[in-house]
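I have placed the structure first, in the form of structure tokens, so that the comments after it can refer back to it.
The values are calculated or read from the model by the stated rules, or taken from the named source; none is laboratory data. Since the model is a prediction, treat every value here as computed from it, not as a measurement. When we count neighbours, we look across all protein chains shown, and the Cβ atoms used for this are built from the backbone with ideal geometry, even at glycine.
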Amino acid sequence: MDRCVVLVDAGYLLGAAASLLAGEPARSRITVDHSALIRGLREGAEADTAQPLLRIYWFDGAPDRVPQPEHRRLRVMPRVTVRLGALTRSDGRWAQKGVDAAMHAELTELARNRACSDVVLVTGDGDLLPGLMSAKEHGVAVHLWAVQAADGDYNQSEDLVAEADERRVLDRAWITRAVRAKDLTGPCAPPPAPRPEIAAILAAPLPEAALAAAERASDAAPRPHADPAPPASAAPPVPAPAAPPATPADGTAPAGPATGHQAAAPSGASRVVPTPKDLAGLRASAHQPAQPSTGPANATLRWSSDRGWIDRPGGPAGEPPETASLPTLAQLTSAEQRWADREEDITTVGGDPFEVGQVFARRWMERLPEQCHVQKLSAMYPRIPHRIDGELLRYAARFGLLAHKDDQIDEHDRYAIRAGFWREIDVRAAAGNPAAGE
């Protein structure tokens, strides 16, 4: 039959492309335009073999052989068939299982049934050598394609190269038509807007640190045998602050009212030495909730866990009312919308972590019954409420960012996912019309 077939080992093709463009074989380091890649394979195969294409077989591994988003996009493309092997992890490294055997079986079956006259193999694994030889014995011409090696050497089995009828190298110019390296050098998110209330919290000394510094100063300073009685007309002593400013590096006392005894410093300046009564006050203050001295009264640092909260109680299970009132995307999504979301994920969403966060945020905002929730969430930056954050990361797992059900999403990807989420929230909130683009 005068037709050509392309068999692609995706692990080899994309791993070698990542090595060439990003310097390491991790597929997470590259972004792939699968439509452009399939088009390039088809055009190249038809040009090299001078035969029309019958089909492209895409062989890849997947956890538990469950199709990932890229596999779902590929298998709905014309003339593309996806075959999946297992993807397992051993000693901290991922390995494909069953992919070579599936390629060998397909190659042998196509040749035995004379389904094609030419086969294009995109692989480097020497395990396919018996299948290649069997195809040749059935009268099939075998074209072996290689990806340009990053170090200029071969990245294919020498026996495989020697046995092929025709050979071709896919160079950097060909690869970059459909594959690009991710830029991991820059920040995952734009610099956030200044938040004075957070700066005030970070600048304030912790009560425990102030207490320890005061105790060290009290132990080191000499004390007089008796305290002179204050004059009757003197003003009452100023109580010690809950979080006094730290002592400067030059040893001089900070400006402001002093308490306790004055001890002479070598430079002639006076140093404040707290009394036992002052230390007792500091110990008491160390066990009180921290209150910022400037900014809003409810200003606290908020991260991605509810466990560290020290601010306003209330709401179910101790969750603040403003957080508990925010609906999740699942609560806002109908069955019809859920089906449409899956179709969009398969056909248009590329799976880049930053893009995934943006898509999730856009859907959440577009379906809110009350747009005031957007401003309420924006005020919680940088903390995403726990329920929404968990839903966001579960959504990201659909795109292969969660490589295996027992693993965690990569830390860099987590930052990028949340950065994309906040970028979309900030853009819509700043525009004053969160529903724009509906």
Name the residues in the stretch 35-60 that are in a strand (DSSP E or B) and of a type in the set (A, V, I, L, M), would you?
Leu53, Leu54, Ile56
Quick check: anything in the stretch 90-106 without any contact (Cβ under 8 Å) to a residue 40 or more places away in the chain, out of contact with any strand residue (DSSP E or B) (no Cβ under 8 Å at 6 or more places or on another chain), of a type outside the set (Phe, Trp, Tyr) and assigned to a strand (DSSP E or B)?
yes
Only one of these is under 30 Å from the mean Cα position of the chain (by Cα) and not small (Gly, Ala, Ser): Leu128, Leu74. Name it.
Leu74
Cβ contacts < 7 Å: first residue in contact (Cβ under 8 Å) with a residue 12 or more places away in the chain and in the same structural domain as Arg79 (by TED's automatic domain parsing), restricted to the stretch 46-68; second residue polar (S, T, N, Q) and surrounded by 15 or more Cβ atoms within 10 Å (Cβ to Cβ), any location; separation 6+ or different chain. Result?
Gln51/Ser117; Gly61/Gln96; Ala62/Gln68
For the stretch 120-138, state whether one or more residues are in a loop (DSSP other than H, G, I, E, B), of a type in the set (Val, Ile, Thr) and in contact with a Phe, Trp or Tyr (Cβ under 9 Å, 6 or more places away or on another chain).
yes
Of the residues that make up the stretch 17-34, is at least one of a type outside the set (A, V, I, L, M), part of a helix (DSSP H, G or I) and within 22 Å of Arg167 (Cα to Cα)?
yes
In the stretch 89-124, which residue that is under 32 Å from the mean Cα position of the chain (by Cα) and surrounded by 15 or more Cβ atoms within 10 Å (Cβ to Cβ) is nearest to Ile56 (Cα to Cα)?
Val122
Test each condition in (1) in contact with a helix residue (DSSP H, G or I) (Cβ under 9 Å, 6 or more places away or on another chain); (2) assigned to a strand (DSSP E or B) for Gly11 and report the one that comes out false.
(2)
Among the residues of the stretch 175-184, is any touching a Lys or Arg at 6+ places or on another chain (Cβ under 8 Å), modelled with pLDDT under 90 and surrounded by 14 or more Cβ atoms within 10 Å (Cβ to Cβ)?
yes
Condition check for Val82: aliphatic (A, V, I, L, M) and without any contact (Cβ under 8 Å) to a residue 24 or more places away in the chain
no
Residue identified as under 30 Å from Gly61 (Cβ atoms), in contact with a Phe, Trp or Tyr (Cβ under 6 Å, 6 or more places away or on another chain) and either at pLDDT 80 or above or among the small types (Gly, Ala, Ser) (or both) among Gly400, Gly420, Gly350, Gly390:
Gly420
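Here is a yes/no grid of residues against (1) among the β-branched types (Val, Ile, Thr); (2) on the phi < 0 side of the Ramachandran plot:
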position	(1), (2)
Leu53	no, yes
Arg65	no, no
Thr88	yes, yes
Val142	yes, yes
Ala146	no, yes
